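The values are calculated or read from the model by the stated rules, or taken from the named source; none is laboratory data. Remember, predicted model here, so these are calculated numbers, not experimental data. Note: ideal-geometry Cβ built from the backbone for every residue, glycine included; neighbour counts use all protein chains shown. To get the accessible areas, we keep the full protein, side chains included, count just its heavy atoms, and leave off ligands, DNA and RNA. Shrake-Rupley method; radii C 1.70, N 1.55, O 1.52, S 1.80 Å.
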Amino acid sequence: MTTPSPDEPVYEDRVYRSPMAVVTGVLLIALTLWLCGDAVVRGSGNTPWVALAVALCAVPLIVAFTIRPAVFANDDRLRVRNPFRVIELPWGSVDAVRAGYSAEVRAEGTKYQLWSVPVSLRERKKANRPQSSRGGGLMGRGGGVMGRGIAAPRPQAGADAEAGPRRAGADQIIDELRGLRERGAGRPGAQGDVLVRWSYEIIAPALVGALLAIVLLATG
């Protein structure tokens, strides 16, 4: 294995996130602001204050679970931004990157889930289906033709090579991350310990909003 030179450049981060989750988050935030804004304008008593407290709690949580999750990867490290934590993993500390029922990375004996890389078993099954059905179809036709004593046509190698095996979206991303890990694990800049930081900018307003809503509802 060739040891990478310390002068090798580090390119910009690759960013992996779910576009559908981002769209969903934007729509939910718009709906929340519309409902709470309507309660603030038209409500009476402490209803406007309850609406503001609910918005203060709900908006950070919606952001945390939809817009915020992302995975950033470059030649030296992997940075995982989950709803309430940010995990920075130098490639030298990463033991494995895999996708079973969920996408995850293992480092220093701990498992960290990649929230922004959702695993769809249906998509995986659909991606694998054409390969198996093509193989089954060739076998079936070959058997019928060979039964009449005529040689079955050979598949075109060029077309098969061009198409290649299909992979589900999450599996493709995991393959890319594995490739980055294999290439970057020996780099001098890819060494170090795993760093975990709690996202208090999300946690604090959500807790404050929840407590305010509880107090207002209890005293209302």
Handout entry: Count - residues of the stretch 62-77 that are over 17 Å from the mean Cα position of the chain (by Cα) and open to solvent by 50 Å² or more (accessible area, probe 1.4 Å)
Key = 0
Practice task
Read through the list (1) closer than 25 Å to I202 by Cβ; (2) surrounded by fewer than 21 Cβ atoms within 10 Å (Cβ to Cβ), then give the number of the only condition that V80 fails.
Solution key: (2)
Fill in the blank from the handout: Of L195, L138, the only residue that is under 24 Å from P69 (Cα atoms), open to solvent by 80 Å² or more (accessible area, probe 1.4 Å) and either in contact with a strand residue (DSSP E or B) (Cβ under 6 Å, 6 or more places away or on another chain) or modelled with pLDDT under 50 (or both) is L195
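Just name the residue that is surrounded by the most Cβ atoms within 10 Å (Cβ to Cβ) out of those in the stretch 89-111 that are of a type in the set (D, E) and either under 16 Å from G186 (Cα atoms) or in contact with a Phe, Trp or Tyr (Cβ under 9 Å, 6 or more places away or on another chain) (or both).
Kept after step one, since they are of a type in the set (D, E), are these residues of the stretch 89-111: 95, 104, 108.
Still in the running and either under 16 Å from G186 (Cα atoms) or in contact with a Phe, Trp or Tyr (Cβ under 9 Å, 6 or more places away or on another chain) (or both): 95, 104.
Numbers: D95: 14, E104: 18.
So the residue we want is E104.
May I ask you to list the residues in the stretch 198-214 that are in contact with a strand residue (DSSP E or B) (Cβ under 9 Å, 6 or more places away or on another chain) and open to solvent by 100 Å² or more (accessible area, probe 1.4 Å)?
Let us first name the residues in the stretch 198-214 that are in contact with a strand residue (DSSP E or B) (Cβ under 9 Å, 6 or more places away or on another chain), namely 198-199.
Selection gives W198 alone.
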Problem - Yes/no for L217 being out of contact with any helix residue (DSSP H, G or I) (no Cβ under 6 Å at 6 or more places or on another chain), under 27 Å from F84 (Cβ atoms) and loosely packed, with under 14 Cβ neighbours inside 10 Å - result: yes
Practice task
Hey, can you tell me all the residues within the stretch 172-192 that are assigned to a helix (DSSP H, G or I) and either in contact with a Leu (Cβ under 8 Å, 6 or more places away or on another chain) or surrounded by 17 or more Cβ atoms within 10 Å (Cβ to Cβ) (or both)?
Solution key: I173, I174, L177, L180, R181, G184, G189, A190
Practice task
Of the conditions (1) farther than 30 Å from L217 by Cα; (2) modelled with pLDDT of 95 or more, G149 clears all except one; give me its number.
Solution key: (2)
